[in-house]
Amino acid sequence: DFDFFYGLYMHPQINPYLLYEVMDKKMFKPIFEELLQQQVLYKFKDGVTDAGMCKLVLHRFRDSHKMYVGGLAVHPVHTGKGYGFLLMQDIIAFAQANSRSRVDLSVSTENEKAIALYKKCGFEIEGLLKNYSYLASQNRFIDEYMMCYLQNNNV
């Protein structure tokens, strides 16, 4: 699993939209181990092939109705096959199975394809987070949208 997750996190088309700067395997290994320990990694398969990933963080206590999705990516060789939509449906089903009525995520305002996917899946933009992430490799900040999916839109 390490090589799969490392390959996605460090992929040149995907990396600018994820949390970690490009690094070698030795530097990424402790990060991966921590993610495993936290039990937040989710791998999406198209039946047999590993196709995508994300982090699913279940909040606790007063926030136990919420779940955060981070680091979502579909490998570029699998784009255009509807896997992003299927992955989002898996995430929503996971939230329902874990009694989570709210699913949050943030997305770069520059990532138009992801924003369109999230909207197609029922997520709404709730706000703009200015200078939210810093891309050291490009020496610049990026803005992100906070988006939310509510299981019961009447809430």
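The values are calculated or read from the model by the stated rules, or taken from the named source; none is laboratory data. Note that this is a predicted model, so its numbers are computed, not measured. Every residue, glycine among them, receives a Cβ derived from its backbone with ideal geometry; neighbour counts consider all protein chains shown. Areas reflect the complete protein model, heavy atoms only, side chains present, ligands, DNA and RNA absent. Shrake-Rupley method; radii C 1.70, N 1.55, O 1.52, S 1.80 Å.
Below, the figures for the structure above:
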quantity	calculated
Residue, surrounded by the fewest Cβ atoms within 10 Å (Cβ to Cβ), within segment 6-15, restricted to residues that are of a type in the set (A, V, I, L, M) and over 18 Å from residue 142 (Cα atoms)	10
Failed condition for residue 3, given (1) open to solvent by 50 Å² or more (accessible area, probe 1.4 Å); (2) in a strand (DSSP E or B)	(2)
Pick from segment 16-30, criterion touching a residue at least 24 places away in the same chain (Cβ under 8 Å) and either closer than 12 Å to residue 75 by Cβ or within 15 Å of the chain's Cα centre (by Cα) (or both), ranking: least open to solvent (accessible area, probe 1.4 Å)	18
Residues of segment 41-59 satisfying the condition of being in a loop (DSSP other than H, G, I, E, B) and modelled with pLDDT of 95 or more	59
Members of segment 35-53 found to be open to solvent by less than 50 Å² (accessible area, probe 1.4 Å) and over 14 Å from the mean Cα position of the chain (by Cα), listed by number	50
